[in-house]
Amino acid sequence: MKKIPFHNREREIKEVMNILDTEPSLITFIYGPINSGKTTMISHMIEELPEDYAPFYINLRARFITDYEDFLNVLFEIDEKGVVDNVTEYARSILKDMGTVSGIPIPVNLFEQIFEKKDKSKDMFKYIEQFFIEISKNCVPVLIIDELQVIGDLKIDGLLIYKLFNFFIRLTKELHLCHIFAVSSDSLFIENIYSEAMLDGRCRYLLVDDFDYGTTAALVEEHDFTNDEKAVAWEYCGGKPVCLMEMIYADNREQIVKDMCKTRITQLKDLLDYLSYTRPRIMIGDDEYLVEKGDIVDILNRFVDTEYIDDEGLNRPAKHFLIKDNVLFLDPHTGVIKPQSRINLVAIREVMKNV
């Protein structure tokens, strides 16, 4: 089976390691366009961590979470053999053989006790805090939650996500107990959390973007691309790792990426046709808005002569619609908007010729 190799994220990994070398104080958002390699970078980093770090990696991708019970089953790694009633004793007992885990370990009896309580979130946070306090006596806890936006709308006596981030603030800025990394490609989710969870001065941003030209050139040269193939790779894929891998393993490298672009052009045309006879509704916060085709076209037209535009002054429902539909990507830290991929940019420019 052909696997996508890890390739040159030295700058990003160095930045993460610099964060880990300091006392926990801020929540770190690791964000970027879809398929830019965020999860791959995190997985590689976890494998390379020194033994004095204890990583807890929770990936919510493709997890069906509709209620609190679903969330707890993903958040915790239930130890069916564990019958310890004391958190301190349990944490000490698993330290030697813990390694990297896909959830926060908890003995089954303590897990069941949390379910019995009326205020489950309070007991959940209390257990995690006590567990990390004990772990921190021997190593530095590192909690990584991938695709956190999955639980963005989950309500338990109010939105769970806000309670969760306020708890993260306690673990980082107040207790300096645990490094927190929240990974997401949903930039609207990050923007919303920042504004509503009062994270000003409590978080930092780490962008994992598509490869730049130099990194892309180095990658394709490793796979003996011809000059024509190199030009096509940058024109259509830019630095999108997934697209580049498709080219690398294809029998006809130029044809496969051009076919991918044709597909995206068709999808964009279908989207505009759909908007010609339908005015979809989109939720922004608690308010519902109609999306107009003219506002969509106005935003897309701005990319005919540029690769980036500023967030300010754009029609808000249209902007949110295009970002949610993965046509565009918003950098919530800088307010810059660009197509989610180079193929999207090429497709937008082609479709706009006839609109």
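Return only the number of the condition from (1) closer than 23 Å to N18 by Cβ; (2) modelled with pLDDT of 90 or more; (3) of a type outside the set (A, V, I, L, M) that F131 does not satisfy.
(1)
Can you name the condition, by its number, that F167 falls short on among (1) touching a helix residue (DSSP H, G or I) at 6+ places or on another chain (Cβ under 7 Å); (2) open to solvent by less than 10 Å² (accessible area, probe 1.4 Å)?
(2)
Within the range 183-221, which residues are modelled with pLDDT of 90 or more, outside any helix (DSSP H, G or I), open to solvent by less than 10 Å² (accessible area, probe 1.4 Å) and not small (G, A, S)?
V183, L206, V208
Could you grab me the full set of residues in the range 300-314 that are more than 15 Å from V351 (Cα to Cα) and either modelled with pLDDT under 95 or aliphatic (A, V, I, L, M) (or both)?
Answer for the range 300-314, where residues must be more than 15 Å from V351 (Cα to Cα) and either modelled with pLDDT under 95 or aliphatic (A, V, I, L, M) (or both): I309, D310, D311, E312, G313, L314.
Against the condition touching a Ser or Thr at 6+ places or on another chain (Cβ under 8 Å) and either farther than 30 Å from E246 by Cα or of a type in the set (G, A, S) (or both), how does P50 come out, does it pass?
No, not satisfied.
Scanning the range 7-50 for residues that are under 17 Å from C203 (Cα atoms), touching a residue at least 40 places away in the same chain (Cβ under 8 Å) and of a type in the set (S, T, N, Q), which turns out most open to solvent (accessible area, probe 1.4 Å)?
Applying the filter and picking the extreme gives S25.
Between residues in the range 199-210 that are aromatic (F, W, Y) and residues that are surrounded by fewer than 18 Cβ atoms within 10 Å (Cβ to Cβ) and part of a loop (DSSP other than H, G, I, E, B), which pairs lie under 6 Å by C-beta distance while being six or more apart or on different chains?
As it stands, the answer is Y205/H333, since those pairs meet every condition given.
Among the listed residues I296, I256, I265, I282, which satisfies the condition of being β-branched (V, I, T) and touching a strand residue (DSSP E or B) at 6+ places or on another chain (Cβ under 9 Å)?
Being β-branched (V, I, T) and touching a strand residue (DSSP E or B) at 6+ places or on another chain (Cβ under 9 Å) holds for just one of I296, I256, I265, I282, which is I282.
Find the strands (runs of 3 or more DSSP E) located wholly in the range 274-355 whose residues include 2 or more that are open to solvent by less than 60 Å² (accessible area, probe 1.4 Å), and list them.
281-284, 328-330, 336-339
From I58, I65, which residue is outside any helix (DSSP H, G or I), open to solvent by 10 Å² or more (accessible area, probe 1.4 Å), touching a Leu at 6+ places or on another chain (Cβ under 9 Å) and touching a residue at least 60 places away in the same chain (Cβ under 8 Å)?
I65 is the lone residue from the list that is outside any helix (DSSP H, G or I), open to solvent by 10 Å² or more (accessible area, probe 1.4 Å), touching a Leu at 6+ places or on another chain (Cβ under 9 Å) and touching a residue at least 60 places away in the same chain (Cβ under 8 Å).
Which of the residues that make up the range 62-101 are basic (K, R) and modelled with pLDDT of 80 or more?
R92
Yes or no: E246 under 30 Å from T40 (Cβ atoms), open to solvent by 80 Å² or more (accessible area, probe 1.4 Å) and in a helix (DSSP H, G or I)?
Here the answer is yes, as E246 does meet what is asked.
Going through Q255, Q267 one at a time, which residue ends up being assigned to a helix (DSSP H, G or I) and more than 27 Å from K38 (Cβ to Cβ)?
The conditions single out Q255.
Every residue in the range 256-273 that is under 12 Å from I348 (Cα atoms), of a type in the set (K, R) and surrounded by fewer than 17 Cβ atoms within 10 Å (Cβ to Cβ), please.
Within the range 256-273, K262, K269 qualify.
The values are calculated or read from the model by the stated rules, or taken from the named source; none is laboratory data. As the structure is a prediction and not an experimental result, all values here were calculated from the model. Cβ coordinates were reconstructed from backbone atoms using ideal geometry, including for glycine residues, and neighbour counts include every protein chain displayed. When the accessible area is computed, the model is the full protein with side chains, heavy atoms only, and any ligands, DNA or RNA have been set aside. Shrake-Rupley method; radii C 1.70, N 1.55, O 1.52, S 1.80 Å.
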